[in-house]
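Here is the structure we will look at.
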Amino acid sequence: MNLLKTLTLSLLLMLSGFVFSQEHSLSVAAGYVNTGYGGQGPVIHVEPVFKNADPFKVGFRCEISKIAKTYNGQSLRTRGVDFSVSPNVQYFIDKTNHQYILGFGAGVFSRGSFFNPDDQDDFLATQLFCGFYPRVGVQYKQMSIIAEYNIVPGLARRSPFLGDSNISSSSIGKNSYLSIKAAFNFFGA
């Protein structure tokens, strides 16, 4: 229930800023996530962007992904989705007919719970983490291509996961990931 309250509050804050901003746009993106250690999957995000002073813009990203998790080449069954909510600052470098994007964001990340494939009762539950990400991209008119590397700490506690008490859950629950997305910007600020 706390997760629902957090998402609801985040959505209300996001919408209030969107309403009171003089110039704003809404970025809707879809793409691909890769963890670099076997996890991959689709990602979507919705991000209101507020123009406060040229060439800076402030955004509030709400992202949902379904990252398949693996351990020693074996797929782990996941429950739920991964999500993040995070404010960010973007710097736009204007060129003749396009803009380069440099940005940085920080926020709350949640990784979906995952199960031991050999024992369906053995799982690590969903947890919240604080993380950050650098962003680079290019924008042409209303379309953007964005790459972000989300740096999120792994699980810190130890768990007798997969029947081996020497395996820490941090070796299974690595959370950082690269996302590459194509975005369309509505309202055009």
Mind listing the phi-derived Karplus ³J(HN,Hα) values for segment 178-183, rounded to whole Hz, using 6.51, -1.76 and 1.60 with θ = phi - 60°, and x for any glycine or proline?
9, 10, 10, 9, 9, 10
Only counting other Cβ atoms within 10 Å, I'd like HIS98, HIS45, HIS24 sorted with the fewest neighbours first.
HIS98, HIS24, HIS45
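Every read-out reported here was derived from the displayed coordinates using simple, explicitly stated rules and does not represent laboratory data. Since the model is a prediction, treat every value here as computed from it, not as a measurement. All Cβ positions, glycine included, derive from the backbone under ideal geometry; neighbour counts span all protein chains shown.
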